[in-house]
Every structure is written in C-alpha cells, then in structure tokens.
Amino acid sequence: MLKLYALLSIFVLNLYSSSISFKEEKFVSSLQTSVYKDGLIEFNSDFIKVSYKNLSNSYLFYSDYLLIKDKENEQKFSYEEKVELSLFSKLLNLIYKNKSEDIKEYFKVEKNEKETILLPNEYLANSIEKIEYKKIGDRLAFLKIYFKNEDYIKIVQN
C-alpha cells in the first residue's frame, strides 16, 4: 500500500510540474560580450522556479510575489519592485502554456514559418525592442528577448 501511495504521489507531482533544462546567452552591447549560463526552469502548479547551475541564486515566481534565494538569504519582492522579472515570468508562463490570447494583452503577435515575433505594447516598448521564439510541439526551441539598449537574452532548451 505504501509503495502504491509513493508511486501515485510521484505521478501527481510530475503531472502538475515539469522542467526545462536550458542554455542562456546574455549579450551586453556596451561591453560587446556574451555571458553563458546553464539552468533549469521548473513549472509547478503554484510557482515557476528558475535556477542556474554553478550559481547559488534561484528565482521563484508566485502569482503575486517573487522570491530570490541564494545559500544564505531569501528576499521577497512585489512585482512592482521587479517589473522586468515580472514580465519574464509572465512571458515564460504564457509561452509554455500556449496562451496566445493572453500574450496579445502585452504584445502584437506576428507568426511566420520560422518563428513567432512579439512586438511590445506601448508600456513595454520603452525597454523591449521585440521578442522572438519558436516552439516545436511542447518544446521551446528558443526564446530571444531584444532590448532597446541593444542587449539581448537568448534561451535555448537543451
């Protein structure tokens, strides 16, 4: 009986959560250099967790607040305090769950055979130039966020 309970628990946890291993490139235009990181995005029923290999930081995105954790500290922020991270978590969630109608609240959506291009609304256009992504089935082939200052972040699922 205990084995059955354990198997059911594992099944239910996997049903309501999944994870994506990824490689991130952050290009900093002013330095003309890129920084590369490997990480993991975990989608749970209550939160999204983003963590990086070889770094102690992790980000937990809940519906109404954000936790930034490292080995020694845990800081809680409202999304108003960390607008860019709020946008990142919403974007991940909407793309992962294929909620294209909700994406239209923030972006004009253009699709072609290669990718989907998101052009930001007036509010977001102050900092974001555009976002490109491609999904193949449930797999995120890539997500690339172009910023107005010519920086970009590119995430590729492993």
>> For the structure I just gave you, tell me whether Val83 is among the β-branched types (Val, Ile, Thr), out of contact with any Phe, Trp or Tyr (no Cβ under 9 Å at 6 or more places or on another chain) and free of Cβ contacts under 8 Å to residues at least 40 places away in the same chain.
In response: yes
> Just one of Lys130, Lys114 is surrounded by 15 or more Cβ atoms within 10 Å (Cβ to Cβ) and under 24 Å from Phe27 (Cα atoms); which is it?
Replying inline: Lys130
> Out of all the residues in region 45-96, which are closer than 22 Å to Ile20 by Cβ, loosely packed, with under 12 Cβ neighbours inside 10 Å and hydroxyl-bearing (Ser, Thr, Tyr)?
Replying inline: Ser45, Ser56, Ser63
> Which residue pairs have Cβ atoms under 7 Å apart, sit 6 or more places apart or on different chains, and have a first residue in region 115-140 that is of a type in the set (S, T, N, Q) and a second that is at pLDDT below 90 and outside any strand (DSSP E or B)?
Replying inline: Asn121/Tyr106
> Do you know which residues across region 110-134 are part of a strand (DSSP E or B) and charged (D, E, K, R)?
Replying inline: Glu110, Lys111, Glu129, Lys130, Glu132, Lys134
> Taking region 135-158, which residues are basic (Lys, Arg), surrounded by fewer than 15 Cβ atoms within 10 Å (Cβ to Cβ) and either part of a strand (DSSP E or B) or at positive phi (or both)?
Replying inline: Arg139
>> Suppose we filter Glu24, Glu42 for residues that are touching a residue at least 60 places away in the same chain (Cβ under 8 Å) and either surrounded by 14 or more Cβ atoms within 10 Å (Cβ to Cβ) or on the phi > 0 side of the Ramachandran plot (or both); which single one remains?
In response: Glu24
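The values are calculated or read from the model by the stated rules, or taken from the named source; none is laboratory data. Everything numeric in this text was worked out from a predicted model, so none of it was measured. Methodologically, a virtual Cβ is constructed for each residue, glycine included, from the backbone with ideal geometry; neighbour enumeration extends over all protein chains shown.
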